[in-house]
Each structure stands twice: as structure tokens, then as C-alpha cells.
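The values are calculated or read from the model by the stated rules, or taken from the named source; none is laboratory data. Everything quoted here is computed from the prediction, not taken from an experiment. Every residue, glycine as well, gets a Cβ built from its backbone with ideal geometry; the counts of neighbours run over all protein chains shown.
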Amino acid sequence: MAKFKFTVSTGFVGSRREETIEIPDEDLEGLDEHEREHLIQTVWEEWLWDGNIDGGWVEVEE
């Protein structure tokens with residue numbers, strides 16, 4: 001298993017979230033550098049939006 005440290009922070013004191021995530025070697029085997037980075041980015045985005053950050057937008061009518 002390949003291990004990666006995922007982090008996110010808003011910059012405010014106490015807002016940093018950090019977790020070590022494992023990605024199976026089989027998922028990374030045979031990938032070129034671009035494909036590998038894309039896979040890791042995808043896993044990070046899933047981690048980010050699955051309970052580690054909450055946000056959104058709403059249209060403001062004037």
C-alpha cells in the first residue's frame with residue numbers, strides 16, 4: 001500500500017485536518033506519472049468533500 005498524507009486548512013487556528021490515506025499498489029501499478037497524479041488527486045478530492053470540508057454557494061438576488 002502506498003501512503004499519502006492528505007491535508008486541508010482554511011488558515012484559521014485549529015482548522016487544519018490531516019490524515020494518512022492508503023492507496024492499494026494495484027491501483028497505481030502501470031500508471032504513468034500523469035495518470036498516477038490524476039488518481040491521487042481524485043482520491044484526495046473524494047477525501048476532501050467526504051466530511052473534511054463543507055461548503056457551497058447560493059445566488060444572491062439584489
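Of all the residues that make up the stretch 1-20, how many are under 15 Å from Ile53 (Cβ atoms) and not polar (S, T, N, Q)?
Of the residues in the stretch 1-20, 9 are under 15 Å from Ile53 (Cβ atoms) and not polar (S, T, N, Q).
Would you mind finding the one in Thr10, Thr42 that is at pLDDT 95 or above and either in a strand (DSSP E or B) or among the β-branched types (Val, Ile, Thr) (or both)? Steps first, please.
On the way: Thr10 fails: at pLDDT 95 or above.
Just a single option satisfies the conditions, and that option is Thr42.
Select from the stretch 29-62 the residues that are among the hydrophobic types (A, V, I, L, M, F, W, C) and within 16 Å of the chain's Cα centre (by Cα) and list them in ascending order.
Applying the first criterion (among the hydrophobic types (A, V, I, L, M, F, W, C)) to the stretch 29-62 yields 31, 39-40, 43-44, 47-49, 53, 57-58, 60.
Leu39, Ile40, Val43, Trp44, Trp47, Leu48, Trp49, Ile53 - these are the residues of the stretch 29-62 that are among the hydrophobic types (A, V, I, L, M, F, W, C) and within 16 Å of the chain's Cα centre (by Cα).
Hey, can you tell me all the residues within the stretch 13-24 that are modelled with pLDDT of 95 or more and surrounded by 12 or more Cβ atoms within 10 Å (Cβ to Cβ)?
Those that are modelled with pLDDT of 95 or more and surrounded by 12 or more Cβ atoms within 10 Å (Cβ to Cβ): Ile21, Ile23.
From the list Asp54, Asp27, Asp50, pick out the single residue that is of a type in the set (D, E, K, R), modelled with pLDDT under 95 and not in a loop (DSSP other than H, G, I, E, B).
Values: Asp54 fails: not in a loop (DSSP other than H, G, I, E, B); Asp27 fails: modelled with pLDDT under 95.
From the options Asp54, Asp27, Asp50, the qualifying one is Asp50.
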